[in-house]
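**Q** Let me begin by handing over the structure; questions about it come next.
The values are calculated or read from the model by the stated rules, or taken from the named source; none is laboratory data. All of these numbers come straight from a predicted model, not from anything done at the bench. Cβ atoms come from the backbone with ideal geometry, glycine included; neighbour counts cover every protein chain shown.
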Amino acid sequence: MKTSVNLQVLISFFLLILVLSCTDELERDVDTVDADQPYTVQITKERSFYQAQKAQERLLKMDVDAYLVATQDSIERAWYNVMSGAFADSLSSANYIESLDSLYNLKDCSIVDTRNLTDDYSIIEPKDVKQYKVEENKRIEANTPSVPASVLDVAGKFPDNNTFYLKRINILNLDEAKSLSEVPDYLNMDMPRGITLWKLSKFCNVISEVQYQDNLFDDNVTLSVMKVNDDYELDTDLLFEQYAVEKPAKNAETYALTLEFSQDILNTGNYDNEHIKEIEVGAFRKLIGYKVGLTTRKGVYRSYFVLADEKGEYLIFAQSVEKTEAEMKEILAEVGKSDGLNDYDEFYNSFYVLPDQPIDEDIFLGYSIDKLGWSYAKEKGYANWSKAMVGHWNVNGYFWNTKKGFWTLGLFDLLTPSSQGHIYGTLYSGHKTRGKKATDVYGVQGYFVSQRSYWSSSLELNFGIGRHVFAIDSEKLDDEDMLIRAERMQFKRGGYKELVVDKLPAKEESQEL
């Protein structure tokens with residue numbers, strides 16, 4: 001008993017030391033630019049203060065002095081630049097970049113001469129981060145969206161990992177047959193080779209796919225989590241015999257499910273170095289299945305993990321070009337141990353705007369979230385508003401109304417009301433557009449825009465509110481239908497109608513004259 005108490009005291013002591021050392025690490029003094037040392041090295045940059053802060057804290061834990069420099073670009077929008085070092089000349093900066101590459105494999109660093117920045121740039125040292133005031137709110141206030149419970153269940157299974165941000169998210173509700181005919185053309189899904197949505201629909205009722213992007217290195221992991229139907233059909237004994245794989249003594253049906261899709265990958269061609277091996281990973285529940293490896297015709301080795309939990313409720317695909325098997329297992333070991341995608345601000349602030357109450361006869365089909373890169377601005381002809389969108393998250397939602405058919409929503413999370421006001425209110429709304437009609441929506445001014453092409457015509461309602469820009473588009477919904485759906489969105493918790501009702505004065509009893 002005495003030994004146990006002493007051990008607990010010892011453990012508590014070491015934990016305290018660890019916490020104090022981490023706190024000191026994130027609040028330490030670092031060398032920053034000044035008039036005598038105007039050069040610094042940029043490691044990465046983000047539109048979001050909180051995303052930049054994640055990268056900065058990771059660097060400090062790697063023992064790389066890192067601080068933030070808040071700047072504005074040519075279209076007067078904020079960037080938070082993650083910097084390291086301060087130097088009197090560019091040669092010293094270049095030597096520092098070489099050392100960062102050599103020691104930490106940080107390859108995309110660049111030299112910045114702060115004398116060329118705008119006069120109002122600000123330096124945020126690690127010790128000042130907690131006190132630094134930003135307009136951006138980390139999280140919106142919202143109730144749980146009214147989407148199928150299975151969608152929320154699958155979203156909760158993704159691993160939380162502070163070294164990544166979510167570059168792309170795709171959600172597909174396969175309980176509704178329309179999702180296969182309407183949505184896939186819009187979703188940019190990265191399924192392993194040989195695996196089709198059509199086949200997955202025979203086994204699963206929800207597919208959610210996430211591309212995790214490393215916030216410092218040029219590295220990513222694509223992870224798909226799917227909810228498995230109870231009634232899929234698979235001849236277990238025949239499958240192991242057909243593919244000459246030894247049938248496991250336990251969980252044979254679950255292994256068979258993963259083997260079916262593992263073989264789909266190998267059946268796409270005759271590759272060098274083809275192999276398949278049994279894999280187990282301890283997560284929220286033991287994950288079992290196979291690792292599939294092959295060398296492509298271009299000489300690149302690719303590996304895929306095809307796993308399921310031992311109860312066969314979830315099917316999981318994982319792939320990465322850069323990660324080792326050990327690193328992939330470390331990531332997969334966190335499956336189901338946290339709040340999943342809800343732990344990521346970029347998901348929460350883009351998904352939880354959906355209404356918390358169902359809308360009559362509307363069916364949720366799918367949802368996609370993408371972090372916009374410069375390819376988006378190029379696609380839009382480098383218009384100023386499109387350049388200002390770069391670095392922000394863009395959302396597309398897909399719905400089916402049983403009476404009026406397919407409709408979509410578009411959403412941009414621009415992080416702050418002032419950013420939204422500048423990008424949408426000034427840069428975008430100032431453009432003249434044919435068929436544009438002003439309207440009151442959600443307590444602000446929005447616009448109905450008629451859109452016609454050779455093949456079809458549709459109506460769009462768009463408006464900016466708070467940190468978001470919203471648009472709804474349909475060939476069949478009318479003005480009233482669009483206003484109802486727009487005002488149910490949770491730009492304020494519970495939607496606009498609920499807020500309006502709360503603000504109305506109490507009804508007075510009528511008096512007879």
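**Q** Grab the helices (runs of 4 or more DSSP H) fully contained in region 139-203, keeping just those with 1 or more residues being among the acidic types (Asp, Glu) and either touching a residue at least 60 places away in the same chain (Cβ under 8 Å) or out of contact with any strand residue (DSSP E or B) (no Cβ under 9 Å at 6 or more places or on another chain) (or both).
**A** The helices (runs of 4 or more DSSP H) meeting that bar are 149-155, 178-182.
**Q** Could you go through region 407-422 and let me know if any residue there is among the aromatic types (Phe, Trp, Tyr) and under 23 Å from TYR186 (Cβ atoms).
**A** yes
**Q** Now for a separate question. Of all the residues that make up region 396-419, how many are surrounded by fewer than 20 Cβ atoms within 10 Å (Cβ to Cβ) and farther than 18 Å from ASP345 by Cα?
**A** 9
**Q** Quick check on my filter: what residues within region 275-297 are in a strand (DSSP E or B) and surrounded by 16 or more Cβ atoms within 10 Å (Cβ to Cβ)?
**A** ILE276, ILE279, VAL281, LEU287, ILE288, GLY289, TYR290, LYS291, VAL292, GLY293, LEU294
**Q** Listed residues TYR447, TYR398; which is hydroxyl-bearing (Ser, Thr, Tyr), at pLDDT 95 or above and within 29 Å of the chain's Cα centre (by Cα)?
**A** From the options TYR447, TYR398, the qualifying one is TYR398.
**Q** Would you pick out the residues in region 63-82 that are in a loop (DSSP other than H, G, I, E, B) and within 17 Å of TYR165 (Cβ to Cβ)?
**A** Once the filter is applied, which keeps residues that are in a loop (DSSP other than H, G, I, E, B) and within 17 Å of TYR165 (Cβ to Cβ), region 63-82 yields only ALA66.
**Q** Among (1) part of a strand (DSSP E or B); (2) farther than 18 Å from GLU46 by Cβ, which single condition is PHE412 missing?
**A** (2)
**Q** Restricting attention to region 329-361, which residues are modelled with pLDDT under 95 and on the phi < 0 side of the Ramachandran plot?
**A** The answer is GLN357, PRO358, ILE359, ASP360.
**Q** What is the number of the single condition among (1) without any contact (Cβ under 8 Å) to a residue 60 or more places away in the chain; (2) out of contact with any Leu (no Cβ under 7 Å at 6 or more places or on another chain) that LYS387 does not meet?
**A** The single condition LYS387 does not satisfy is (1).
**Q** Here is a follow-up. Look through TYR96, TYR50 and report the one residue that is outside any loop (DSSP other than H, G, I, E, B) and within 25 Å of the chain's Cα centre (by Cα). Outline the logic, then answer.
**A** Working: TYR96 fails: within 25 Å of the chain's Cα centre (by Cα).
After applying the criteria, what remains is TYR50.
**Q** Determine if region 106-127 includes at least one residue that is polar (S, T, N, Q), in contact (Cβ under 8 Å) with a residue 60 or more places away in the chain and farther than 30 Å from LYS337 by Cα. Working first, answer last.
**A** So the first thing to find is which residues in region 106-127 are polar (S, T, N, Q), and the list is 110, 114, 116, 118, 122.
Those left that are additionally in contact (Cβ under 8 Å) with a residue 60 or more places away in the chain: 110, 114.
Among the residues that remain, those that are also farther than 30 Å from LYS337 by Cα are: 110, 114.
Among the residues of region 106-127, at least one is polar (S, T, N, Q), in contact (Cβ under 8 Å) with a residue 60 or more places away in the chain and farther than 30 Å from LYS337 by Cα, which makes the answer yes.
**Q** In addition: Can you pull out the residues in region 169-186 that are surrounded by fewer than 22 Cβ atoms within 10 Å (Cβ to Cβ) and either within 19 Å of ASP153 (Cα to Cα) or in contact with a Gly (Cβ under 7 Å, 6 or more places away or on another chain) (or both)?
**A** Across region 169-186, the qualifying residues are ASP175, GLU176.
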